[in-house]
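Every read-out reported here was derived from the displayed coordinates using simple, explicitly stated rules and does not represent laboratory data. Here the structure is a predicted model, which means the values were calculated and not measured. All Cβ positions, glycine included, derive from the backbone under ideal geometry; neighbour counts span all protein chains shown.
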Amino acid sequence: MSGSEDDDWFNQDEEDLVHSLEQKVRHQEQEKNEEQIKVGDFRAMNLLASSAIENANQKKDASCRFSMAEFTKGLAMLPIDMFLYFFSEDKDLFVNQLVPNDNLQRVAVYLDVIKSLCQLEMVGFQEDLLEAFVKQTVLHEKIKRLILTLLSKGSGSHWDDETELMLKNMMWLLERAHKFGFDSQQGDDIVELYKKLNDHLKVELFQESHEFSSASMGDVKQDIYPTLEALMSEERSTDEEEIDATSNDIPQYIKNQRELLRKDFFGPLRELVQRLREGRDLRDLEQQGLLWPRTTLTLNPEFNEAQRHSLVYLNLHKTEVNERCYQKALENIKSGSLLCLTRSLELENLILATVGYTVEENLKKGRLSVEIVSQYNIGNIYDQPLIMFQTPAFFEPYLRVHNYLSTCSTEQFPMRRYLVDGELDVRPPAYMKKELKLTYNGKTLSRETPPQQMPLNETQKRAFMEALHREFCIMQGPPGTGKTHLSVELVRCLIENSKAADLGPIVVLTYTNDSLDKFLVKMSEHTQKILRFGSQSRDPRLQKFNEGSVHVENASHGLKRIWWLVSCEYKEKFQLLQSAYANFDGSEESYQETLIAQQKVRQVAERLETLRAVFKYFLAKSQDIVAMTTTCAARLNFFLRLLKSKCVVFEEAAEIQESHVLACLTPYTEHVILVGDHKQLQPFNGSSQVQQISLFERLILSGMPFSFLNLQYRMRPCIAELLIPTIYEELASSDSVKTYDDIRLMEKNVFFLNHNRPEQQLSDKSFINPYEADSLVELTHFLLQKAKYEKSDIVILSPYNAQVECIREKIARKCRASVLVSTVDSFQGLEANIVLLSLVRSNSAGQIGFLRQPNRVCVALSRARWALYIAGNLETLQKGNRKLWGSIAERLEGQQSIGQIGFPTNN
């Protein structure tokens, strides 16, 4: 952007709009904090906002009709340009565009325009479009008369392709309106007449489409927010029902995925509510920050200086139990968390609120900014003692994906052939036409390209070629086999061929921000045209790629005008909310007025958020790579549809739930590449009752072709051997890992310290093993002080958070150097030269928790490059999973790497 005062017009939050309007009236150049609303003197702003809206309404009078030429011009545009064209004009698309004497040609063109705009599925605008469509009485009457004419005798002469298209468009819009809850008697009459016409003409195409069935229609946006009735219900059969993730019917498939998502979120919450009502382990819940017995909701006393998300505060008060961990517990409540509030643990009433955002200044005061979502059996909620408990599973990812699945269209469902129909014969990407000649490093690429021309080994090269020629590609790579390196080469090749194949930006998605940063750091060595959305990267090498750091050359005038009009509307609604707050007197009537005003502000804010997504489109369309997490992508699916990218690459795809993958695809997706390893960590499941596998694993198990990388470049061979054959049937080691130096002053590079010292269970159900902690801390001290290794060479891992904390405390006392101590899950995707592993579990019953799972064991054993030293109880482990740990024990015995008297040193 240039340096004009309008440069940051689209980066402003809703709060800035009010201030911006004031600036424009006063013609002052002032720099203000983007988060703040400076209200001050509103008189000038009132005049400007009301004048802008009044002028717009005056211009959009009954005489302003779009001409047929203007409709035709709009239909020739890209859908988003059509939206900007019609909505930035001084004519109202829904006021007198059809009158009784208009011919059917105008009706057909008008329907085409409305359907094209609705197909954009613009959040905030979609509902307004459909509501306005339902109120088009002239349109409905003309379609009704047309169908009656077609039903009359000898009406065959009226039937043609244009008539068929017009009726299909009308039925599509009626279905969409019905899905969003907008119905009318006129619309219902047309549907009934349409069914008669269907039978009368026996048009097969009609029978396949536009059927008002319970699976595809009705209010499919089932709220993922829990109700009081659902939380209190004793009936558990629905939750315990097995849900099949698959179906060969698209609406049913989407419904199944939505239900799995809801069940995964709801299960742990229901268990927590049961625990609260029974009064079990309440002290532990307080210490974990899941339960806050003393809270109050208050209206922000400084409302005139507030952000929209700071209208309501939740005050969290200290208690004897949480006083020591108060600040840490506060910091664990994230923006996007769902909070439940009630007057008593009997749960006779319920308030649901989401955390708007958290800032350090407020957290220090024990104050959270929240938005009230809903409430049950309770009136005025302010300044009353309340108990708060937080949902165990982080809410925002569930909400984003669920919202997408609840409103997505079943038409042109992406990759239906593989996801729904279960086809195993994988086609080439649709853009891979015969005349397209792919190049790599400027040279024509063919399956016969010698490996030496590519920085890939044989299996990587084969996977590379298969990925380019399969529209739905799965690549499995065990630890250290170069998955990320291969992905980088693939994306490089796709970028090189992007113009010839008209691919658009390559979309790269990961489950976590850390994984995303890891990929982008490597990718930035090959291109600087990268745009990263979502949480801003903290890596200084990537900060220039964050969306806030990338500038658009120009944005359409129409977009700026629509932004201005919606901004004025936001200003108007915001002032009404201010008035409701100023007049709040604690009565039920006053409270309801406040709720209505809040809802109206929220609705306009949704439209502003959608317009920001349009701006992101202008920002992104010229980039080589657009990157984000899957949670961010679910929120920005509308943006991805605007972008029309053909290629989507999922890194660490085996960790991503199937529903999250769906929310990242669009009807324009022609090439999906899943890179990962289902033998390592699986998708996170909030509920222990819902064991979902990833789409990655489901398709491999169903027999879909996949590429397998069998040569690893990380682990010393004696470490890699521990994974064979229990976890991987084959895994070869590169020559490069066979030349590692032995660990100084140690007799073994791999060793298992076998013991029978008992574990200890803590009150939060986590476990520690002090003997293992002491042993590994002593070994760490030896490696640092005697063997002279750097602290960066060593990492200590454990599957249990409590053991991690225990080791950290001991390390701090024993060693001056700060060695990294981490959970196994957190260290997935990373590596270290020397890994010390504490397995913790040691009991006579063979209860080993996480260590029963081959996936977690695989991650734990595959992080080390030079050396792996383990402390554990092999007898307990083998009782817990004999096949898994018996195989590992055999390998260790074969290497003579098991002992009971400390780690063997040469000192």
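With bins 10 Å wide beginning at 0, the percent of Cα pairs of the stretch 262-406 falling in each bin runs 11, 42, 37, 9, 0. Converting phi to 3J(HN,Hα) with the Karplus coefficients 6.51, -1.76 and 1.60 and the offset θ = phi - 60°, the stretch 631-637 yields 5, 5, 5, 4, 5, 10, 4 Hz in sequence order, with x at every glycine or proline.
Extension gain for residue 444 to residue 283 (0.36 nm times residue separation, less C-alpha to C-alpha distance): 51.3 nm.
Taking the Kirkwood radius as Rh and the Cα radius of gyration as Rg, the stretch 532-608 has a ratio of Rg/Rh equal to 1.20. Here the stretch 712-899 is assigned +1 on the Cβ of each Lys and Arg and -1 on the Cβ of each Asp and Glu. Its dipole about the Cα centre then comes out at about 320 debye.
If you count, for each residue, the other Cβ atoms within 10 Å and average over each peptide, how do 878-891, 615-628, 92-105 line up from highest to lowest?
Details: 878-891: 17.1, 615-628: 21.6, 92-105: 14.0.
Taking the mean over residues of other Cβ atoms within 10 Å, the ranking is 615-628, 878-891, 92-105.
About its Cα centre, the dipole of the chain is roughly 2320 debye, where the only charges are +1 on Lys and Arg Cβ and -1 on Asp and Glu Cβ. As a calculated quantity, the FRET efficiency between residue 78 and residue 529 at R0 = 25 Å, using C-beta atoms, amounts to about 0.70. Other residues whose C-beta falls under 12 angstrom from the C-beta of residue 190 contribute a net charge of -1, scoring Lys and Arg +1 and Asp and Glu -1.
Placing +1 on the Cβ of every Lys and Arg and -1 on the Cβ of every Asp and Glu, with no other charges, gives the stretch 68-201 a dipole of roughly 380 debye about its Cα centre. The alpha carbons of the stretch 712-899 give a radius of gyration and a Dmax of 15.5, 48 Å, in that order. Residues in the stretch 398-413 carry Karplus couplings, in order, of 5, 4, 4, 5, 4, 4, 5, 5, 6, 10, 5, 7, 7, 6, 6, 5 Hz; the curve used is 6.51 cos²θ - 1.76 cosθ + 1.60 with θ = phi - 60°, and Gly or Pro positions show x.
Between residue 761 and residue 327, the FRET efficiency estimated from the beta carbon spacing at R0 = 30 angstrom works out to 0.70. Applying D = kT/(6 pi eta Rh) to the stretch 640-722, where Rh is the Kirkwood radius over alpha-carbon pairs, T corresponds to 4 °C and eta to 1.567 mPa s, the Stokes-Einstein value obtained is 88 µm²/s. Taking every DSSP bridge with both residues inside the chain, close to 40 percent are antiparallel.
Label-to-label distance, residue 233 versus residue 431, with points set 7 angstrom from Cα along the beta-carbon direction: 4.5 nm. On full extension, the segment bounded by residue 898 and residue 805 gains 30.8 nm, given 0.36 nm per residue less the C-alpha separation. Just want the answer: with Cβ charges of +1 for Lys and Arg and -1 for Asp and Glu, which residue in 859, 398, 515 is farthest toward the dipole's positive end in the chain? It is 859. Using θ = phi - 60° in the Karplus curve 6.51 cos²θ - 1.76 cosθ + 1.60, the 3J(HN,Hα) couplings for the stretch 780-792 round to 4, 4, 5, 5, 7, 7, 8, 7, 6, 8, 7, 4, 5 Hz; x is entered for Gly and Pro.
The spacing between the stretch 321-339 and the stretch 849-882, judged by their C-alpha centroids, is 32 Å.
Taking every alpha-carbon pair in the chain and binning the separations at 10 Å intervals from zero gives 2, 10, 17, 22, 21, 15, 8, 3, 1, 0, 0 percent. Taking the alpha-carbon centroid of each part, what is the distance from the stretch 356-399 to the stretch 462-519 in angstrom? First find each Cα centre; the distance between them is then 40 Å.
Length gained on full extension, residue 565 to residue 410: 52.5 nm, using 0.36 nm per residue less the C-alpha separation.
Amide H contacts of residue 750: 868, each under 5 Å away and 5 or more positions distant or on a separate chain (H built 1.01 Å from N in the peptide plane; Pro and chain starts excluded). The order of 780, 512, 444, going from fewest to most other C-beta atoms within 10 Å of their C-beta, is 444, 512, 780. For the chain, the relative contact order comes to 11 percent (Cα pairs under 8 Å, sequence separation of at least 6). Every Cα-Cα pair of the stretch 587-716 was included, and the share exceeding 25 Å stands at 47 percent.
Relative intensity of the stretch 68-201 on a log10 scale, I(q)/I(0) at q = 0.09, 0.20 Å⁻¹, equals -0.26, -1.25, per a Debye sum over C-alpha point scatterers of equal strength in the absence of solvent.
For the pair the stretch 642-669 / the stretch 600-638, the C-alpha centres are spaced 15 Å from each other. Each principal axis of the Cα atoms in the stretch 811-907 has its own extent, and those three values, largest first, are 39, 32, 26 angstrom. Ranked by the mean number of other Cβ atoms within 10 Å of their residues, highest first, the peptides 602-608, 715-721 come out as 715-721, 602-608. Other residues with beta-carbon under 14 Å from the beta-carbon of residue 798 carry, at +1 per Lys or Arg and -1 per Asp or Glu, a net charge of -1. Computed from the Cβ-Cβ distance with R0 of 45 Å, the FRET efficiency linking residue 826 to residue 195 stands at 0.20.
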